[in-house]
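Take a look at the structure set out below.
Laboratory data are not the source of any read-out in this text; all were calculated from the coordinates shown. All of these numbers come straight from a predicted model, not from anything done at the bench. No Cβ is skipped: glycine too gets one built from the backbone with ideal geometry, and neighbour counts run over all protein chains shown.
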Amino acid sequence: MRRLLISAVLSVAVVLGLHAQELVRGNVENIPSQGSYTPSFKYDGAKNNPLNVILLIGDGTGLAHLASGHFANGGEMTITNLRTCGWVTTQSADTYTTDSAASGTAYATGHKTHNYAIGVDVDDRPLANIPEKAAVKGIVSGVISTDDLNGATPAAFFAHQKDRNMTEEIWADLPSSPLSFVSAGSREKMERMKEDTQKAIREAFTVVADLNDPAAEKAVKLGYFPPKTETQSMKEGRGDFLPATTEYAIEYLSARRTSKKKGFFLMVEGARIDKSSHANEFEPMVKEVLDFDKAVEAAIRFADKDGNTLVIITADHETGGLTLSSKGDPSTGSIGGVFSSYNHTPIPVPLFAYGPHSQDFMGVQGNQEVSQKIQQLLGL
Ligand SMILES: [Zn+2]
């Protein structure tokens, strides 16, 4: 009787199309190791408040994504060389499984909101973001992403719109943002916006396509929008855009600090870890994680030199329901991954922290609490 019941339920499920997603497997073999940077730990956990905060968000990066990069790279990454870890819950105000808009807003503002929301609360009222609060205190800010600038994560740090798909309105919010540095793969996207929007952006920012443009050095507010070929996926041949722009932005913002006692805030997003996970493409995802690790390295090297910089590495949510195959050999970088979903999952994500007050980020915390701690440390 019981068996009959189960088979009846299963038949109904099949008719309704309720069968589980099939598992998608992928492998990597012999990816040349890029090594890793071992920090000095000289200022890690120091008691002084940091002047600068660099927040690196690996979009869609769960524990298995980081482990994939680690094992494929011969058992090391700069991220996994760090000592202070935490665990971040990502649920949005209205949904068990968040999108990048609600989670990006939580990191940018310290408040949970509904999915699709960019810098607004559950009632769609604007929420002040870190760059806006920082500007009042004389702290300069920057945003970098391999996505378009109107992508949910970078947009949460300058725009206030109720729906992430309001592309024109999101771009139109950029000129009034206090950001001193923005860079994303958006030249073609920006050029599709209304004339007025483009004009306002060019009036507020010095816009360049190449950092060797002499105008970049003199800029007070810089918009670096390279052609799409330089910010596409690693699979399509992206070069060193993310680590190189991170390094550039750190120097750029350091040079534009308003005084010796005032620092900077920089958000760096590795956006394509999420995109390759939605597509269930294992090897391209691993290459995105390893590129993200190089951006982390740029931040950690600066923190070691500077002594007043807190670096936070985390994610907005997990994508793909990824796990690793039991068979593999990290010594040759040969590993396998198994995706169980084409979407985001509600599973918590890892956080790594380095520098003064890194210990504040240990334990289990909400994504909005990560932002609240950053704001408190910067005196916002
Ligand atoms: Zn996604």
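Explain nothing, just the number: dipole magnitude of the range 25-377 about its Cα centre with +1 on each Lys and Arg Cβ and -1 on each Asp and Glu Cβ, in debye rounded to the nearest 20.
The calculation lands at about 980 debye.
Averaging over every viewing direction, what projected area does the convex hull of the Cα atoms of the range 83-233 cover, in nm²?
Values: hull surface 41.9 nm².
So the Cα hull casts an average projection of 10.5 nm².
Given the DSSP H assignment, sum -39500 (n - 2.57) over each helix run of at least 4 residues in the chain and divide by its residue total; what's the result at 222 nm in deg cm²/dmol, nearest 500?
One gets -10000 deg cm²/dmol as the mean residue ellipticity at 222 nm.
Tell me the label-point distance for the pair Arg202, Ile347, using the 7 Å Cα-to-Cβ offset, in nm and rounded to one decimal.
According to this spin-label approximation, the distance is 4.7 nm.
Excluding Ala209 itself, calculate the net charge of residues whose Cβ lies under 14 Å from the Cβ of Ala209, where each Lys or Arg counts +1 and each Asp or Glu counts -1.
-1
Measuring from a point 7 Å past the Cα of Lys235 along Cα-to-C-beta, which residues in the range 258-288 have an amide N at less than 13 Å?
Answer for this model: 272-288.
Say the dipole of the chain comes from +1 at the beta carbon of Lys and Arg and -1 at that of Asp and Glu; which of Ala117, Ala215, Thr84 then lies farthest toward its positive end?
Towards the positive end, the residue furthest out is Thr84.
What does the charge add up to near Ala106, with Lys and Arg as +1, Asp and Glu as -1, over the other residues with Cβ less than 13 Å from its Cβ?
With Lys, Arg at +1 and Asp, Glu at -1, the neighbours total -3.
Could you check the simple spin-label distance between Ser331 and Arg83, using points 7 Å along Cα→Cβ, in nm with one decimal?
Computed distance between label sites Ser331 and Arg83 equals 2.9 nm.
Put +1 on the Cβ of each Lys and Arg and -1 on the Cβ of each Asp and Glu in the chain; which of Ser177, Gly363, Pro348 then has its Cα farthest toward the positive end of the dipole?
Gly363
Choose one of Leu266, Gly35, Pro284: the residue whose Cα lies farthest towards the positive end of the charge dipole of the chain (beta-carbon charges +1 Lys, Arg; -1 Asp, Glu; about the Cα centre).
Most positive-ward Cα: Leu266.
Å³ per residue of the Cα convex hull, for the range 291-380?
Each residue corresponds to 142 Å³ of Cα convex hull volume.
For the range 240-358, what is the relative contact order in percent, using Cα pairs closer than 8 Å and at least 6 residues apart in sequence?
Once divided by the residue count of the range 240-358, the mean separation gives 26 percent.
How many Å³ per residue does the convex hull of the Cα positions in the chain occupy?
Hull volume normalised by residue count: 149 Å³.
Percent antiparallel among DSSP beta bridges with both residues in the chain, to the nearest 5?
40 percent
What order, most packed first, do the peptides 337-346, 104-113 have when packing is the mean number of other Cβ atoms within 10 Å of each residue?
So the order, starting with the most tightly packed, is 104-113, 337-346.
Hey, in the GNM for the chain with a 10 angstrom Cα cutoff, which one of Ser68, Ser177, Ser276 fluctuates hardest?
Ser177
Arranged by the count of other C-beta atoms within 10 angstrom, fewest first, what order do Asp99, Asp316 take?
So the residues, fewest neighbours to most, are Asp99, Asp316.
Which residue fluctuates the most in the chain, going by a Gaussian network model with Cα springs under 10 Å, if the choices are Leu211, Leu222, Leu179?
Per the Cα network of the chain with a 10 Å cutoff, Leu211 tops the list.
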